[in-house]
1. For ILE172, only one of the following conditions fails: (1) in the same structural domain as ILE42 (by TED's automatic domain parsing); (2) over 30 Å from SER20 (Cα atoms). What is its number?
2. Would you be able to say whether some residue in the stretch 125-134 is at pLDDT 95 or above, closer than 22 Å to GLY32 by Cβ and surrounded by 15 or more Cβ atoms within 10 Å (Cβ to Cβ)?
3. So TYR80 clears everything in (1) out of contact with any helix residue (DSSP H, G or I) (no Cβ under 7 Å at 6 or more places or on another chain); (2) aromatic (Phe, Trp, Tyr); (3) free of Cβ contacts under 8 Å to residues at least 24 places away in the same chain except one condition, right? Which one?
4. Report, by residue number, each residue of the stretch 97-115 that is surrounded by fewer than 20 Cβ atoms within 10 Å (Cβ to Cβ) and of a type in the set (A, V, I, L, M).
5. Does LEU129 fit the bill of being of a type in the set (A, V, I, L, M, F, W, C), assigned to a helix (DSSP H, G or I) and closer than 28 Å to LYS156 by Cβ?
6. Test of understanding: among GLY100, GLY64, GLY74, which residue is within 30 Å of ASN174 (Cβ to Cβ) and either among the small types (Gly, Ala, Ser) or part of a helix (DSSP H, G or I) (or both)?
7. From the residues in the stretch 159-198 that are at pLDDT below 85 and among the hydroxyl-bearing types (Ser, Thr, Tyr), which one is farthest from LEU101 (Cα to Cα)?
8. For the stretch 1-41, which positions are assigned to a loop (DSSP other than H, G, I, E, B) and at pLDDT 85 or above?
Amino acid sequence: MQLPLNASCECQAVGEPTESATVYRGVYGACGLGLSLYLIHIYVTEIKRALQALWVIGAVGSLGTYATLAQPAGKSLGEYVVENPTAVWFVGPLFAALTGLVFKEGLCYGKLEAGILTFIIPSVLLGHLTGLMDEGTKLTLLGLWMALFVVFAGRKFTQPIKDDIGDKSVFIFNALSQEEKAALVEKLEEQNYSQNLN
């Protein structure tokens, strides 16, 4: 059977991801970030909870934006955000949580790529949201973001586990009551004073 020359045929280019594959990648990435923020060792509990709250807000915002705005328009979430910069308000908290994670890694382990990502991620999102960044700059920074993120993720696999776990005594100390903390500090100060005399 021959098709007429003017017949339209939608086909997918070889190697081009389907819309469902793109959605799943986004879901897996967001879930992976959420798991990381659940398992991460941050000594200041309030900071950890703030990053987790940003993740929840961003995940709900992303899901809501996809379900109510992008999907009805026949777009993926990424396409919708690219075409509608104000959608950054909905997905942005997810990236704020990611920025907090890379900032922590850069600060704790002196990872240069994490330090650079701390500035690139919000710069790209704010540049897109405000319209103050041209497409060429955005694409360059996105490419740099992806390259640095590959380095960042790869270096986590070579990092000794003991470094990632950190000093558990901080958690033990924070779990003590105020009276127990005061008694322990006094005891440690006495030990330090005794050692200085010797």
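1. Among (1) in the same structural domain as ILE42 (by TED's automatic domain parsing); (2) over 30 Å from SER20 (Cα atoms), the lone unmet condition for ILE172 is (1).
2. Scanning the stretch 125-134 turns up at least one residue that is at pLDDT 95 or above, closer than 22 Å to GLY32 by Cβ and surrounded by 15 or more Cβ atoms within 10 Å (Cβ to Cβ).
3. (1)
4. Answer for the stretch 97-115, where residues must be surrounded by fewer than 20 Cβ atoms within 10 Å (Cβ to Cβ) and of a type in the set (A, V, I, L, M): LEU107, LEU112.
5. Values: of a type in the set (A, V, I, L, M, F, W, C): yes; assigned to a helix (DSSP H, G or I): yes; closer than 28 Å to LYS156 by Cβ: no.
It is false that LEU129 is of a type in the set (A, V, I, L, M, F, W, C), assigned to a helix (DSSP H, G or I) and closer than 28 Å to LYS156 by Cβ.
6. Numbers: GLY64 fails: within 30 Å of ASN174 (Cβ to Cβ); GLY74 fails: within 30 Å of ASN174 (Cβ to Cβ).
Step by step, each of GLY100, GLY64, GLY74 is checked, and only GLY100 is within 30 Å of ASN174 (Cβ to Cβ) and either among the small types (Gly, Ala, Ser) or part of a helix (DSSP H, G or I) (or both).
7. Filtering the stretch 159-198 for residues that are at pLDDT below 85 and among the hydroxyl-bearing types (Ser, Thr, Tyr), the one farthest from LEU101 (Cα to Cα) comes out as SER194.
8. Looking only at the stretch 1-41, we keep the residues that are assigned to a loop (DSSP other than H, G, I, E, B), and these are 1-18, 40-41.
Once the filter is applied, which keeps residues that are assigned to a loop (DSSP other than H, G, I, E, B) and at pLDDT 85 or above, the stretch 1-41 yields only ILE40.
The values are calculated or read from the model by the stated rules, or taken from the named source; none is laboratory data. Everything numeric here is computed off the predicted structure, so don't read it as measured data. With ideal geometry, Cβ positions are generated from the backbone for all residues, glycine too; neighbour counts draw on all protein chains shown.
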